[in-house]
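Here's the structure, in structure tokens; my notes come after.
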Amino acid sequence: MNDTNDAHDSPYHDRDGSAPRRPGIAFATALLIPLLLWGDGATTTSNAASSTGTSAMTLTHIAAGGMHSMLLTNDHQLWAMGNGSDGQLCDGDATIQRTPIKTLSGVRSVALGGRHSLILKTDGSLWVCGDNDSGQLGDGSANDAHTPVRIMDGVAAMAAGDAHSLVLKTDGSLWSFGLNTYGQLGTGDTESRRTPVKIMDGVHAVAAGPDHSLILTNDGALWGVGHNTNSQLGDGGTANRTQPVRMLESVQAMAAGNGYSMMLKTDGSLWMVGFDGGGQLGDGDSINRKTPFMLRDGVRAIGAGSAHSLVLDTADVLWAFGYNDSGQLGSGHTDTLRRPTRVLDQVAAIAAGGYHTLALRTDGSVWVTGSNGSGQIGLGQGTQSVSAFQALTLPATP
């Protein structure tokens with residue numbers, strides 16, 4: 001598919017029956033954990049040409065947002081690519097970058113939202129940049145930030161939705177800020193916040209969908225809050241929730257897409273719930289699920305894009321399913337896949353963006369697929385999208 005831009009590529013356009021919204025999000029929590037051969041019988045392994053560049057860069061982390069992506073090296077250098085129109089690349093500019101550029105040093109991890117970025121530095125300080133229309137930067141203003149702004153200290157992890165942010169501090173407390181139309185901040189109301197507000201204690205991990213939030217507590221219980229029109233909170237209903245509701249037990253990781261949720265249990269089983277219009281639940285049909293069901297076991301990492309799902313098994317094989325109109329599944333075509341399909345081997349980590357996918361392979365190379373209308377997969381000016389994984393040429397480092 002050769003789109004000319006990302007205008008049609010909003011990760012939220014009408015796919016859950018709601019009105020079109022702005023592009024966004026890094027919904028995935030990419031986690032680690034057994035291999036069942038599954039799918040619809042069509043297993044595809046991409047055979048893209050290898051990278052032509054030689055680089056000393058060693059990557060430890062990859063992240064994908066709505067239309068931007070970031071790469072983190074073992075020496076804590078951050079590289080960014082894609083749509084920077086709101087400053088979300090944290091490079092001091094507001095332009096598109098179609099190949100990776102170096103932006104910040106001393107970075108531990110990142111979380112990318114629709115049009116904003118959360119940057120955790122090695123000293124535990126949290127820095128933010130990008131769109132701030134709804135207060136998702138948490139600095140008390142409504143001003144976009146093209147260069148990073150420091151807003152909190154003592155931070156352990158974070159997650160970014162379309163226009164809201166979740167921050168987990170080292171003491172286990174959860175804080176939220178930004179858009180709260182559906183109650184996604186977990187404050188018990190629908191009032192948006194421009195500064196961080198404390199929600200609860202005893203939290204182990206967080207994940208954010210476009211407008212719902214997933215919270216994993218220290219006892220292994222998963223809680224959900226926010227938009228629930230498609231039962232993405234797994235409570236059996238469709239009413240939005242402004243306070244967290246208990247979803248599932250014995251969970252170790254989770255990922256949130258547009259109207260659906262993925263849950264990885266401690267026994268390695270993968271559970272799904274919510275919207276299934278494009279096969280993103282992986283069960284072969286298009287019927288929404290109001291309560292979580294087990295899809296498979298043998299999983300060690302998961303990722304949720306807008307409407308596509310990624311599963312990494314313990315044999316380092318990547319499986320993908322769901323919407324594929326921009327080639328985001330890496331299957332070599334743009335047909336929707338309603339069951340998991342094998343797309344890439346020797347994978348160490350994954351990241352699902354709005355309509356694009358990044359895979360860090362075991363040899364340290366980065367492979368990309370899907371929309372490149374804003375440069376989010378770093379393949380340069382001439383490539384609008386690809387439907388099979390291609391190696392990204394990493395910048396040479398001194």
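Criterion applied to 373, 322, 382 was being closer than 19 Å to residue 68 by Cα and crowded, with 24+ Cβ neighbours inside 10 Å, and the one residue passing it is 373.
The numbered conditions (1) of a type in the set (Val, Ile, Thr); (2) in a loop (DSSP other than H, G, I, E, B); (3) closer than 13 Å to residue 159 by Cα are all true for residue 206 except (2). Assess whether residue 300 counts as being buried (at least 18 other Cβ atoms within 10 Å of the Cβ), closer than 22 Å to residue 368 by Cα and of a type in the set (Lys, Arg). Here the answer is yes, as residue 300 does meet what is asked. Looking at region 138-155, can you tell me whether even one residue there is in contact with a Pro (Cβ under 7 Å, 6 or more places away or on another chain) and in a loop (DSSP other than H, G, I, E, B)? Looking for residues that are in contact with a Pro (Cβ under 7 Å, 6 or more places away or on another chain) and in a loop (DSSP other than H, G, I, E, B), one finds at least one in region 138-155, hence yes.
Of the strands (runs of 3 or more DSSP E) that lie entirely inside region 255-300, those containing 2 or more residues that are more than 20 Å from the chain's Cα centre (by Cα) span 289-296.
Consider region 216-244 and keep the residues that are among the hydrophobic types (A, V, I, L, M, F, W, C) and surrounded by fewer than 18 Cβ atoms within 10 Å (Cβ to Cβ). The one that is farthest from the chain's Cα centre (by Cα) is 239. The numbered conditions (1) surrounded by fewer than 22 Cβ atoms within 10 Å (Cβ to Cβ); (2) closer than 16 Å to residue 59 by Cβ are all true for residue 333 except (2). For region 267-287, does any single residue satisfy the condition of being surrounded by 22 or more Cβ atoms within 10 Å (Cβ to Cβ), under 21 Å from residue 165 (Cα atoms) and of a type in the set (Gly, Ala, Ser)? No, region 267-287 has no match at all. I need a count of the residues in region 350-365 that are outside any loop (DSSP other than H, G, I, E, B) and not β-branched (Val, Ile, Thr). Residues in region 350-365 being outside any loop (DSSP other than H, G, I, E, B) and not β-branched (Val, Ile, Thr): 7 in total.
Among 149, 128, 167, 206, which is within 20 Å of residue 274 (Cα to Cα) and either crowded, with 20+ Cβ neighbours inside 10 Å or in contact with an Asp or Glu (Cβ under 8 Å, 6 or more places away or on another chain) (or both)?
Sole residue among the options that is within 20 Å of residue 274 (Cα to Cα) and either crowded, with 20+ Cβ neighbours inside 10 Å or in contact with an Asp or Glu (Cβ under 8 Å, 6 or more places away or on another chain) (or both): 206.
Taken together, the values in this text are just the output of simple stated rules run on the coordinates, not laboratory data. What you see is a predicted model; the values in this text were computed from it and never measured. Cβ atoms come from the backbone with ideal geometry, glycine included; neighbour counts cover every protein chain shown.
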